[in-house]
Amino acid sequence: MSYRMQDSMLGSPGAVRKLLPRFQERVARIGVLESLKETKRLDPNAKDKTLYLWDEPYYKRMWLEKNYSVDHQKIAEYFPVWSTVEGMLQIYGEMFGLDFQLVVNANVWHEEVKLFAVWDNTKRGGEFGKCCSLNIRYLFQ
């Protein structure tokens with residue numbers, strides 16, 4: 001086998017073994033995309049039957065509900081919004097050296113939108129970064 005692989009583009013069976021998992025992931029992704037395209041094609045509310053990148057989360061949710069009885073509302077019960085947001089901001093803070101501080105009584109366009117001040121953490125000088133608003137309702141739909 002190694003002798004025959006020598007003249008091919010990959011060069012060795014080890015290179016094939018290294019490439020194979022990535023190939024399998026891509027083939028599996030194609031199968032998922034075909035399922036999502038079919039789900040959109042069968043959706044009576046979809047005027048345009050083309051599956052766009054921004055359609056994927058919506059139709060993936062529909063597909064999971066139909067084929068595997070996945071109830072996203074039940075799953076969401078195990079992930080309360082604020083503890084999830086706090087955990088996410090803590091991870092971002094550790095990764096990027098930032099501190100997020102909730103701005104209390106911020107003047108925002110909707111009561112579910114929260115405003116955070118973003119600071120470099122003290123190891124990075126503690127300088128003020130930028131404010132960013134976080135629309136919790138949009139984030140967890």
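The values are calculated or read from the model by the stated rules, or taken from the named source; none is laboratory data. Keep in mind that this is a model prediction, so the values were computed, not measured. Cβ: placed from backbone, ideal geometry, glycine included. Neighbour counts: every protein chain shown.
List pairs: first residue in region 52-72 and closer than 15 Å to L42 by Cα, second residue of a type in the set (A, V, I, L, M) anywhere in the structure, Cβ distance under 7 angstrom, at least six positions apart or on different chains.
E56/L36; Y59/L36; Y59/L51; K60/L36; W63/L36; L64/V70
Looking at N121 and the list (1) out of contact with any Gly (no Cβ under 9 Å at 6 or more places or on another chain); (2) not assigned by TED's automatic domain parsing to the domain that holds D43, which single condition is not satisfied?
(1)
Which of (1) modelled with pLDDT of 85 or more; (2) exposed (fewer than 12 other Cβ atoms within 10 Å of the Cβ) does F128 not meet, given it meets every other one?
(1)
Would you mind stating whether K47 is free of Cβ contacts under 8 Å to residues at least 60 places away in the same chain and touching a helix residue (DSSP H, G or I) at 6+ places or on another chain (Cβ under 8 Å)?
no
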